[in-house]
Amino acid sequence: MLGANLILAIIFIPVLGAFFLPLIGRFSSRLRNLISLLLVVISLVLSCKLASIVLSGATITIIKHFPLGLNFTLTADCLAVFMAITSSFIGAVILLYSFGYISHYENQSEYYLLVVLFLGSMMGIIFSQNLIFLYLFWELTAVVSWRLIGFFRKPLDILRADKAFLITVFGALVMLLGFISLYQEVGSFDLTVIREVLQSRPLSNITVLLILFGIFAKSATLPLHTWLPDAGVAPSPVTALLHAAVLVKIGVYVYARIFIASLNIEQIWHIIIPALACLSAIVSGFAALVETDLKRIIAYSTVSQIGFIFFGFSIGNEFGVAGGLLYILMHGLAKAGLFLCAGIVEQNTKIKDVTKLGGLIKTMPFTAIAFLFCSLSVMGVPPFGGFFSKFLLFLSTAKNGQWGLTFAFLAAAVLTVLYLLRAFNLVFLGEEKSEAKEGSPIMVFSVVLLALLSLAGGVLIKYPLDFVISAVKQMLGVA
Amino acid sequence: MREAGLALPILIPLVAGILVLLIPDKLRRAKETIAVLASLANLIIAVRLFGKGVFFSLPWAGFGIDFSLNLDRLSSFILLAVSTFGFLIAVYSCSFMRRRNCLRQFYCYYLVCLSFVCGAVLSNNLLLMLFFWEGMLGVIFGMIAIGNKDAFRTALKAFIIIAIADLCLMLGIALTGYLSSTFEISKIRLPLTPLAGVAFVFLMIGAISKSGAMPFHTWIPDAATDAPLPFMAFLPGALEKLLGIYFLVRISTQMFDLVPDSKLSFILMGIGAITIICAVMMALIQKDYKRLLSYHAISQVGYMILGIGTAVPVGIIGGLFHMLNNAMYKSCLFLTGGAVEKQAGTTDLEKLGGLARKMPVTFACFLVAAVSISGVPPFNGFFSKELVYDAALERGFIFYAAALLGSFFTAASFLKLGHAAYFGKKRQENEQVKEASWPMLIPMIVIAAGCVLFGVFNGLPLNKLIQPALSAKLGGHDYSGFPANIWLIVITVIVLIAALINHLFGVKINGSGLKAVDHIHYAPGLKKIYDLAEKRYFDPYDIGLKVVGVFSSIFFRFDRAIDWIYNNLSVKAAYSASESLRRMHNGNYVVYLGWSLLGLVFMIIFLVSTK
């Protein structure tokens, strides 16, 4: 029963605790900040505790039976716990950074409430085994991110927030249709039940299409991606949280949960989805080369990297899935670092346009080094963590043997090198064009921490990869 | 415990490198001492390990990715060479870098780089090798970027070119690993099926780009002007060649069985021949000491690739021997360049002249290295080139001709360089120039002496170092001693004399040593090509960036078009839909009644039809 309580605590401590934050904020803002961090750290610690249970091969399930297939089911397997640790850890670092960043602005209580609530509902998505509850948490994240993107309340911000909200919610509604059509096929929303019923036959194509629509909208994949760069108007820790670490990974995670771990889909999807993922990676990679707003460049890069993750998952052999999972971790760490560095640059120079920046390595050496490390990890240069995830994806394409896709993937990987170096070059090297100073200690500490973790992720690859391998074994059902 | 000792050549420089980074800026001496001691320790270990067969393995990550190291004849030979150069150049750097900034970074990068090269050579797991191999990317970037104010542009260029090649290598390794279902280098034996051929090509791209062959070369001349000089001597001059050629030999002789008359063999020979000619033609017209040398660093790789690409034993031996020789004379030449830069303050040949008297030791070293690279008997370059010639002639006259032509221009450009820098008019500015300090001279002298030694007693490197590494391929044949084919020697000597005559002729009609090749430079037809090349029209990097630029603007428009659908089209559609619906709700009782009746009719039809 310990495991079951752990899952409930992981989800509901942040979700419910978040609502007390504004109250605490009335008395002491410092205490509020600490408690918000504490809520996320509790989730993290409990997830780690769960890890020791699931890694032994056990799966923990809570079922409360309800009629109409609406069983309230929560499951913790390796995949879920891996995802929970990744997102709560990155979330905690981002919260830490927020202490420095958000202290300049108003409505702080609301900010902390939303962020913690967001992370809590993310945990809900991760552990839900029932599609309807998954959908509820999914929409909760959409509402929260709508509020967070428009946090600065300027007219443009609100417009962009609306756009993000409309696209993701529209996608989610289509996905809900998909769930309903699945219900008609099977008669339950519970994935464990659905899995038993659909053991041998694949899911009907129309259902797959509907569900994919929602997933692609959330994970910002072509052609549903343009809300993501636009959402760069949000405060930097929010963009880091939404774009890099957590929100966009929801779609990817749900893809893994539904289409890899639970159900079969027809073979044709293993060609269509990788092709779409490659196209998305390439188009956004090229767009990132043209873009001049630093946060938009990084946002396009996220779209591109999400394409890589989908690519690995949709190829679906053990290397691809392992590569995709590892990618979620490594990309989350590095990309959060990049966004947070961009936040430091933006806050201290008040400039977003990279062509007007330059030479900041002299005035902000730590930020520059952290940015470089994170970029190298995203590019996949050893000894950084991104190297292994990229290599596993290459391995999966080699095994897959579709040459067109392989070369498209190679091209997208080259583009990654180009646009990240371009950004680093324009912002940190060359002539100094503007006055600047290093960010506040706590902000610099968070980005340096992320950069060092990207490095450690490569050198100590054994630990994450072992975890990933046991998750893959569980998902694909191989011993 | 001896097995674990295999990790020491990787660990010692790495730890020393991190240590250097932690030492405060004031303690210059401490950094130099650490660098020299670490590289010395590396050398001692390499000597002790030489010739032994040691295997060491630790589990590292899943999927057959182990931290496994293997020392066989080939890798122990390369390791020894790497450590030797590492030590000598560390000694040299102590003096050369003394008054420079960024010492801390320089030594840190230097040592980390040494560690990674050793790691790549020792790795028995392809992925581990790639880890070290590609890991150098960041170090190279840093090393070039600390050169001068604008060096970061070159650093970017180097980074991008190398990164692209490394990504290709990554794909190649993934393919190879999949095809042979293991990453253990010592276990991989693949027949050259079409798919394995693709894997070979990708691995080859990685190998030849590391050694700096065309078309992955263009960052090297730029780095020569921007990066600190010991970097040039160390990396493009020696270590990268050793590493790249080492891997090329590994893949073409061991992991895959490259046979003569295969397409891949012709591709390799073609790349080799083109690299020789094009790079040496560019070297010929350079007016900067270091830049001229850097083009030779590219050109000489051509000989090695040509030799190995022939896929006959004499060619492979020649290629490896040439790799060793080139690393020696090329780093020696770069070191003389550094001495000149340090003492005279410039490497611009227009401003140099008459240094032979001021810097006699440097000049002597230069002379030895220059005749070696030109292939004058009995220096070491002569013997390795003869082996390559022999193999090239066996495979096709055209390759032999290309190699000979390369030889002619090599000799011509070194006559020009030596004449312009060490003889010629003495300049006012050069009056005060003195001989370089001993820490700089000793490495040069040692390497120059090595050039003579390996030439006169060429059996020493061939029998002790190279032939044992390839004993399986050779079948007991011994290639040391004087070349068997006397005609090859005669032709080589004729070519060298022709180069000398050309130089004398050039000096006579053009007026000075620096302009000695102007009659070739400005020859009709060639001049135009040279002009375009100097303007970088042939730089694959620039061409590539332009292509990428075009594509990115196209795809960016595409992306904006998608965005336009959301921002404008969908909004307009929603507005017009609600507008037309609004018009229908105009409060007119008759219209509403009509709608209701219409709805009723539809409902009745629906109900009736479903019954």
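Rule-based calculations on the coordinates, nothing more; no lab input. This one's a predicted model, so the numbers in the text were calculated from it and none came from an experiment. All Cβ positions, even for glycine, are placed from backbone atoms using ideal geometry, and neighbour counts span all protein chains on display.
Observations on the structure shown:
- In summary, the lysines within cross-link reach of B:Lys31, defined as a Cα separation below 21 angstrom excluding same-chain residues under 8 places away, comprise B:Lys342.
- Modelled spin labels at A:Ser204 and A:Ile268, positioned 7 Å past Cα toward Cβ, are 1.5 nm from each other.
- Members of B:Lys157/B:Lys210; B:Lys385/B:Lys508; B:Lys26/B:Lys330 lying beyond 26 Å, as alpha-carbon distances in this model show: B:Lys385/B:Lys508; B:Lys26/B:Lys330
- In terms of its C-alpha gyration tensor, the stretch A:354-409 has an oblate overall shape, because the principal axis ratio a/c (a ≥ b ≥ c, square roots of the eigenvalues) is not below 1.5 and a/b does not outweigh b/c.
- Note on A:Lys64: lysines with a C-alpha under 26 Å away, same-chain residues under 8 apart excluded, are A:Lys49.
- Positive-end extreme of charge dipole, the protein assembly as shown - chosen from B:Ser580, A:Ile211, B:Leu79 (charges on Cβ): B:Leu79
- Debye log10 I(q)/I(0) for the protein assembly as shown, one point scatterer per Cα, at q = 0.06, 0.07 Å⁻¹: -0.51, -0.68
- Its relative contact order, with pairs defined as Cα atoms under 8 Å and 6+ residues apart, puts chain A at 15 percent.
- Kyte-Doolittle at least -1.0, axis length at least 30 Å by Cα - qualifying DSSP helices, chain A: A:29-54, A:78-101, A:155-186, A:269-290, A:294-315, A:318-349, A:403-428
- Net +/- balance of residues flanking B:Ser471 in space, Cβ distance below 14 Å, scoring K and R +1, D and E -1: +1
- Chain B, relative contact order [Cα under 8 Å, separation at least 6], %: 11 percent
- Between the residues A:Ala58, B:Ala224, A:Ala342, the greatest Cα displacement towards the positive end of the dipole of the protein assembly as shown, with unit charges on the Cβ of Lys, Arg, Asp and Glu, is found for B:Ala224.
- Reducing the stretch A:418-478 and the stretch B:273-287 to their Cα centroids gives an inter-centroid distance of 41 Å.
- Highest mean first, the peptides A:453-466, B:582-595 sorted by other C-beta atoms within 10 Å per residue fall in the order A:453-466, B:582-595.
- Two-site FRET efficiency, A:Asp162 against A:Ser103, from Cβ-Cβ distance with R₀ of 30 Å, rounded to 0.05: 0.65
- Paramagnetic reach from B:Val47 in the stretch B:56-83 [backbone N under 14 Å; point 7 Å along Cα→Cβ]: B:80-81, B:83
- Cα gyration tensor shape for the stretch B:543-610, rounded if a/c is under 1.5, else prolate or oblate: oblate
- One chain, two ends: B:Lys572 and B:Val547. Fully extended at 0.36 nm per residue, the span grows by 5.4 nm beyond their Cα-Cα distance.
- Think of each Lys and Arg Cβ as +1 and each Asp and Glu Cβ as -1; about the Cα centre, that makes the dipole of chain A roughly 420 debye.
- Simple rule: put +1 on each Lys or Arg Cβ and -1 on each Asp or Glu Cβ in the stretch B:248-341, find the dipole, and look at B:Phe334, B:Ile277, B:Leu248; the Cα lying farthest toward the positive end is B:Phe334.
- Contour minus Cα-Cα distance for A:Leu55 and A:Lys362 (0.36 nm per residue): 105.9 nm
- Cα centroids of the stretch B:120-157 and the stretch A:196-273: 36 Å apart.
- Based on Cα contacts under 8 Å between residues 6+ apart, the stretch B:258-538 shows a relative contact order of 22 percent.
- Cross-link reach list, aspartates and glutamates versus B:Lys425, counting only Cα pairs under 15 Å and skipping chain neighbours closer than eight places: B:Asp348, B:Glu350
- Nearest-20 debye value, the stretch B:543-610 charge dipole, Cβ charges on Lys, Arg, Asp, Glu: 200 debye
- Using alpha-carbon coordinates, inclination of helix B:194-210 to the longest axis of chain B, degrees: 60 degrees
- Taking label points 7 Å from Cα along the Cα-to-Cβ direction, A:Phe12 and B:Trp438 give a separation of 8.1 nm.
- Prolate/oblate/rounded call for the stretch B:258-538, Cα gyration tensor, a/c under 1.5 rounded: oblate
- Here is how the number arises for chain B: DSSP H runs of 4 or more residues each give -39500 (n - 2.57), the sum is divided by the residue count, and the result at 222 nm is -23500 deg cm²/dmol.
- Inter-part distance where the stretch B:312-344 and the stretch A:377-392 are each reduced to a Cα centre, Å: 34 Å
- Charge sum, other residues only, whose C-beta stays under 13 Å from A:Glu432's C-beta, Lys/Arg counted +1 and Asp/Glu -1: +3
- Charge sum, other residues only, whose C-beta stays under 14 Å from A:Ile265's C-beta, Lys/Arg counted +1 and Asp/Glu -1: +1
- From helices alone, chain A scores -24500 deg cm²/dmol at 222 nm; the rule is -39500 (n - 2.57) for each run of n ≥ 4 DSSP H residues, then divide by the residue total.
- Between 0 and 90°, nearest 10: helix B:240-249 axis offset from chain B longest Cα axis: 80 degrees
- Only Lys, Arg (+1) and Asp, Glu (-1) charged, at Cβ; the stretch B:258-538 dipole about Cα centre in debye: 640 debye
- Taking 7 Å steps out from each Cα toward its Cβ at A:Leu476 and B:Thr182 produces label points 2.1 nm apart.
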